[in-house]
Amino acid sequence: MSTLDTRKKTPAKAALASWAGTTLEYYDFAVYGTASALVLNRLFFPEDMPQGIAVLLSMATLAVGYVVRPLGAFVLGPLGDRFGRKFVMMLTLFGIGICTFVIGCLPTYEQIGVLAPVLLVVIRIIQGLSVSGEQASAITMSLEHAPERRRAFTTSFTTSGSAAGGLLATAVFIPFAALPEEQLLSWGWRVPFWLSAVVVVVAYIIRRTLEEPPAFLDTQAVRIDLAPITQAVRFHWGAIIRIACCALVAGISYVFATFSVAFATTGYGLDRPTMLWVPVLASFVALLYTPLAGAWADRIGRRTVFVIGAVGAGVTTMPYLWSITTGNWGLIFALGVLCNGLFYSTANAAWPAFFAEMLPNRVRVSGLAIGTQVGFATAGAIGPVASTALAGEYLQNWFGPSVLALALMAVAATAALTARETRGYTIDEIDDLQQSEHEKEVVTAAIVLPRQTV
């Protein structure tokens, strides 16, 4: 009997491994986003620069890590389809972790002048390139290991890792944000970046024994003289564009976790440690709720759940940002949880299976990486930076950023409505469903040598 015949799926291990990596990725995002909103504008830019401009530039260093992600996706995505999902998951794990740790070691503008923001941008670029293949490989790994009727539930643990990472990062940052300003600016801001090393070690221990899924091994049974990236772009460009448009849903997360903190503390002078508890509570709710929404997507469909989440998140962003201007903490917390902890998490739970099932097995990581990273890069560049610009020099205009968030969600929901619903299909049926007859003929003609199995 061949190895392929005896290879078994390990859904729990795959889900845990994917969860751990996404936790690290979003720990980095939340730590950097929080730091850019609170302290990086004062550490990496001249003291005499207007505060609003410094915050805007600080947000731009956050955005640059997203802008380069599509470039990395064109490299790491095909590696995941050619050499394995686990190969890329291990590579990106260390790339993200090392860069996060190094940011905590960087000298400030006061110490080395203009070289400080230059080094910060360089590290963010390297980090962005590393991140670009992480989530696509992790989602594909968990999807292909998942039980057929629980794929959305299983893959939702990947994005529940984003809530865990955000929760962990903000919870870690809160005690340091409460330090006297002199201590926060001298050493306190660095510690959360250094603590990423702990997450890397834990994720490595979980991932090192993970096996490749049967669906990937099936694609390796024969040698095909057709690069996955070529096949993805040639035959699945429509799905990639659709995924990119749907991925704009991430704009809500960037506005909520990064812009709203700066908007509240810099624009309206709200208490910094208290404001940081808003994303903590929202992330805690999301951590518990996301798998439930994933199970819901298995019952009523990925597309329906995604659209409900995207539209709901877009609509509730407006009252959430408005509530900040009132200074009413009860209202701020309630609307923050509703917008990010519930509605955004609904879409966040559905999209891993929804997006991944738009593509066949052989090009799944390539297409998913390119599509999501183009969308995330656009949302990551537009979300915090454009919101900060629309809020005005003194960061006090809530209406402009609200309309921006609603527009991003409208694009994501509209794109989702054009996609085929894949609930009820097996992973093999999806592989057949998402390939045209012409593509199948081209792939068959490209087979050059059967690989022997034992």
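Data overview
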{"read-out": "Shape of the stretch 67-197, Cα gyration tensor, a/c cut at 1.5", "value": "oblate"}
{"read-out": "Length added when fully stretched, E181-L288, from 0.36 nm per residue minus Cα-Cα", "value": "35.1 nm"}
{"read-out": "For the chain, average projected area of the Cα convex hull in nm²", "value": "19.7"}
{"read-out": "Sorted by Cβ neighbour density within 10 Å, fewest at the top, the residues D431, D28", "value": "D431, D28"}
{"read-out": "Label point distance in nm, A12-I112, each placed 7 Å from Cα along Cα→Cβ", "value": "4.7"}
{"read-out": "Neighbour-count ranking [beta-carbon atoms within 10 angstrom, fewest first] of W187, W351", "value": "W187, W351"}
{"read-out": "Estimated dipole of the stretch 260-396 in Debye, rounded to 20 [Cβ of Lys and Arg +1, of Asp and Glu -1, Cα centre]", "value": "420"}
{"read-out": "Spin-label model distance (nm) - I53 vs Y268, 7 Å beyond Cα toward Cβ", "value": "2.7"}
{"read-out": "Dipole of the stretch 397-438 [Lys/Arg +1, Asp/Glu -1 at C-beta], most positive-end residue of I430, L406, L417", "value": "L406"}
{"read-out": "Length added when fully stretched, V222-S436, from 0.36 nm per residue minus Cα-Cα", "value": "75.1 nm"}
{"read-out": "Full-stretch length increase - A407, V202 - with 0.36 nm per residue and alpha-carbon distance subtracted", "value": "69.9 nm"}
{"read-out": "Degrees between helix 302-326 axis and first principal axis of the chain (Cα, 0 to 90, nearest 10)", "value": "0"}
{"read-out": "Whole-Hz couplings from phi, Karplus 6.51/-1.76/1.60, listed for the stretch 417-424; x for Gly and Pro", "value": "5, 8, 8, 7, 7, 10, 4, x"}
{"read-out": "Sorted peptide list for 375-383, 246-254, criterion being average Cβ within 10 angstrom, highest first", "value": "246-254, 375-383"}
{"read-out": "Among 232-243, 162-173, the order from most to least packed when residues are scored by Cβ within 10 Å on average", "value": "162-173, 232-243"}
{"read-out": "Calculated FRET efficiency for the pair T418/T444, C-beta based, R₀ 25 Å, to 0.05", "value": "0.30"}
{"read-out": "Cα point-scatterer Debye curve for the stretch 174-324, base-10 log of I(q)/I(0) at q = 0.10, 0.14, 0.15 Å⁻¹", "value": "-0.65, -1.08, -1.16"}
{"read-out": "I300 paired with T325, simple spin-label distance in nm, labels 7 Å along Cα-to-beta-carbon", "value": "3.3"}
{"read-out": "Neighbour-count order for M275, M318, M141, fewest beta carbons within 10 angstrom listed first", "value": "M318, M275, M141"}
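Read-outs throughout are calculated quantities, based only on the coordinates presented, and are distinct from any laboratory measurement. Treat the numbers as computed from the prediction; the structure is a model and nothing was measured. All Cβ positions, even for glycine, are placed from backbone atoms using ideal geometry, and neighbour counts span all protein chains on display.
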